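Novice: One structure follows; several queries about it will come next.
The values are calculated or read from the model by the stated rules, or taken from the named source; none is laboratory data. Just so we're clear, the structure is a prediction, and the values are computed from it rather than from any experiment. Counting neighbours? That spans all protein chains shown, and the Cβs are built from the backbone with ideal geometry, glycine included. These area figures cover heavy atoms from the full protein model, side chains too; ligands, DNA and RNA do not enter into them. Shrake-Rupley method; radii C 1.70, N 1.55, O 1.52, S 1.80 Å.
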Amino acid sequence: MSNPVLVEVTRGNMVESRHRGMVVAVDGDGNELFSLGEADAAVFPRSACKAMQALPLIESGAAAAYRFGAKELALACSSHSGEPEHVALAAEMLAAAGRDVGALECGAHWSSDQATLISQARSLEKPSALHNNCSGKHAGFICACCHSGTEVRGYIGYDHPIQQEIRGVMEDLTGAILARDNCGVDGCSIPTYAVPLKGLAHGFAKMATGAGLGAERARASKRLIDACMAEPFYVAGTKRACTRLMNTAPGRIFAKTGAEGVFCAAIPEKGIGIAIKCEDGTTRAAEAMVAATLARFFADEPQVHAGLMAQANHSMHNWNRIHVGNARVTEAFIA
């Protein structure tokens, strides 16, 4: 099966690029509500599944013990831009568990926010692991380990107890069997597993609704989803797609990006989970796809629908602010 073209990018009067993809939306029981392309294809969710990976932080009792609120929980689910607020909060999370930047095993890179990057380049010799977009997630891992008395060193490894626990959590949510044969190494060095796209969407529908989950996991899932929706800046950052999508309907949309053109989302009040994959891994196309998919479920709310479609279909300008073309979703989303 060939995945359909879901996004086109124009220049002048011509289509310059076409992006194929897969989209699926399901309810808490796994019933398919909308799909395009190979919804059962296995994909690496990459950072799009961070809310799933953050569940041990709450279920271990660590979040309560360290008195973490919505900002800390949102950062534990984040791929942040490395802005000062993100860096400071990640450090505070580590300090709550008696640790510091030296405990992080995610590696270091510069901020992805241009203004912050310029400031860093002027003031820092080099970035630290706190600037890594995954430092909040890793701080959450470390806090969970410290609270449970688990050795922190090596927490990124496949056989480490925290990664074994996360593997079990993701199997429970997605229904997929996770093992070495469908495991890769993520950009921040932890294991990442290829799972069916529909299973990924179902996992987020379960987190949003509690359907099929034990009482403790349902409560923890709701708390994480609610935290992300309450503090979208800490999930991503200034001008980032996740933050913009959640701000389009505050407290009603959860959205999380992943590398290589993956996006997951949920609409808790409607009991819907969504997962998309841009086949060629292009982020701009993935952002358009998830915005258009979300918009389908707000057709009866013109303002929200228009706000989402404005993110799905948008103009592009060069450095001189001259309009050069448009990114737009195809009619596949209208059918």
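Novice: With the requirement that a residue be in contact with a strand residue (DSSP E or B) (Cβ under 8 Å, 6 or more places away or on another chain) and of a type in the set (S, T, N, Q), what does region 180-202 give you?
Specialist: 182, 192
Novice: With the requirement that a residue be assigned to a helix (DSSP H, G or I) and either surrounded by 12 or more Cβ atoms within 10 Å (Cβ to Cβ) or among the hydroxyl-bearing types (Ser, Thr, Tyr) (or both), what does region 122-138 give you?
Specialist: 123, 129, 130, 131, 135, 136, 137, 138
Novice: Can you name the residue in region 73-84 that is farther than 19 Å from residue 253 by Cα and crowded, with 19+ Cβ neighbours inside 10 Å and is also farthest from the chain's Cα centre (by Cα) among such residues?
Specialist: Filtering first and then ranking leaves 83.
Novice: Among the listed residues 256, 277, 198, 270, which satisfies the condition of being in contact with a helix residue (DSSP H, G or I) (Cβ under 8 Å, 6 or more places away or on another chain), open to solvent by 10 Å² or more (accessible area, probe 1.4 Å) and closer than 18 Å to residue 26 by Cβ?
Specialist: So the residue among 256, 277, 198, 270 that is in contact with a helix residue (DSSP H, G or I) (Cβ under 8 Å, 6 or more places away or on another chain), open to solvent by 10 Å² or more (accessible area, probe 1.4 Å) and closer than 18 Å to residue 26 by Cβ is 277.
Novice: Would region 244-253 turn up any residue that is polar (S, T, N, Q), open to solvent by less than 60 Å² (accessible area, probe 1.4 Å), modelled with pLDDT of 95 or more and farther than 24 Å from residue 329 by Cβ?
Specialist: Taking every residue of region 244-253 in turn, none turns out to be polar (S, T, N, Q), open to solvent by less than 60 Å² (accessible area, probe 1.4 Å), modelled with pLDDT of 95 or more and farther than 24 Å from residue 329 by Cβ.
Novice: Residue 168 versus (1) part of a loop (DSSP other than H, G, I, E, B); (2) surrounded by fewer than 18 Cβ atoms within 10 Å (Cβ to Cβ); (3) out of contact with any Cys (no Cβ under 9 Å at 6 or more places or on another chain): which is the lone unmet condition?
Specialist: (1)
Novice: In region 223-234, is there at least one residue being closer than 28 Å to residue 184 by Cβ, within 15 Å of the chain's Cα centre (by Cα) and surrounded by fewer than 24 Cβ atoms within 10 Å (Cβ to Cβ)?
Specialist: Yes - at least one qualifying residue is present in region 223-234.
Novice: How many residues does region 36-61 hold that are among the small types (Gly, Ala, Ser) and in contact with a Gly (Cβ under 8 Å, 6 or more places away or on another chain)?
Specialist: 4
Novice: Could you pull out the residue among 162, 177, 156 that is out of contact with any strand residue (DSSP E or B) (no Cβ under 6 Å at 6 or more places or on another chain), open to solvent by 20 Å² or more (accessible area, probe 1.4 Å) and in contact (Cβ under 8 Å) with a residue 40 or more places away in the chain?
Specialist: 156
Novice: Residues being in a helix (DSSP H, G or I) and either more than 23 Å from residue 74 (Cα to Cα) or open to solvent by 20 Å² or more (accessible area, probe 1.4 Å) (or both): count how many of those fall in region 24-61.
Specialist: 3
Novice: Now for a separate question. Collect the residues in region 291-325 that are farther than 30 Å from residue 270 by Cα and part of a loop (DSSP other than H, G, I, E, B), keeping them in residue-number order.
Specialist: Matches in region 291-325: 318, 319, 320, 321, 322.
Novice: Please pick out the residue among 101, 87, 24 that is of a type in the set (Val, Ile, Thr) and closer than 21 Å to residue 254 by Cβ.
Specialist: So the residue among 101, 87, 24 that is of a type in the set (Val, Ile, Thr) and closer than 21 Å to residue 254 by Cβ is 24.
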